[in-house]
């Protein structure tokens with residue numbers, strides 16, 4: 001098991017970890033931060049816990065949809081490093097990034 005890990009570590013480092021460090025530290029923070037995700041998960045859990053029981057899967061999906069819809073309306077401010085991240089992504093990914101942002 002350890003030898004398998006040791007054999008795959010160099011390719012994993014070169015494919016996933018080392019390219020991550022090419023980004024500016026503020027951009028890296030924007031990529032790896034989970035505060036927004038954790039906040040959204042907490043809202044979903046709170047809504048499910050408050051309701052308790054759902055007669056059907058569709059009822060549960062409707063509640064989650066409503067919570068997500070309400071949460072989206074509360075998101076008024078972009079992440080503070082987003083403008084820096086967009087500039088770096090535009091440089092690195094060029095036309096592919098600008099088309100996606102349009």
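The values are calculated or read from the model by the stated rules, or taken from the named source; none is laboratory data. Please read these numbers as outputs of a predicted model, since none were measured by experiment. Because the Cβ atoms are built from the backbone with ideal geometry, glycine has one as well, and the counts that use them run over all protein chains shown.
Within region 54-67, the set of residues being surrounded by fewer than 11 Cβ atoms within 10 Å (Cβ to Cβ) and part of a helix (DSSP H, G or I) comprises 57, 58, 65. Only residues that are in a helix (DSSP H, G or I) and under 18 Å from the mean Cα position of the chain (by Cα): list them for region 74-87, please. Within region 74-87, 74, 82, 83, 84, 85, 86 qualify. Can you find a residue in region 68-81 that is modelled with pLDDT of 85 or more, surrounded by fewer than 10 Cβ atoms within 10 Å (Cβ to Cβ) and within 19 Å of residue 44 (Cα to Cα)? Yes, that holds for at least one residue. Of all residues in region 17-53, those satisfying the criterion of being at pLDDT below 80, within 16 Å of the chain's Cα centre (by Cα) and loosely packed, with under 13 Cβ neighbours inside 10 Å are 20, 31, 32, 33, 34, 35, 36, 37.
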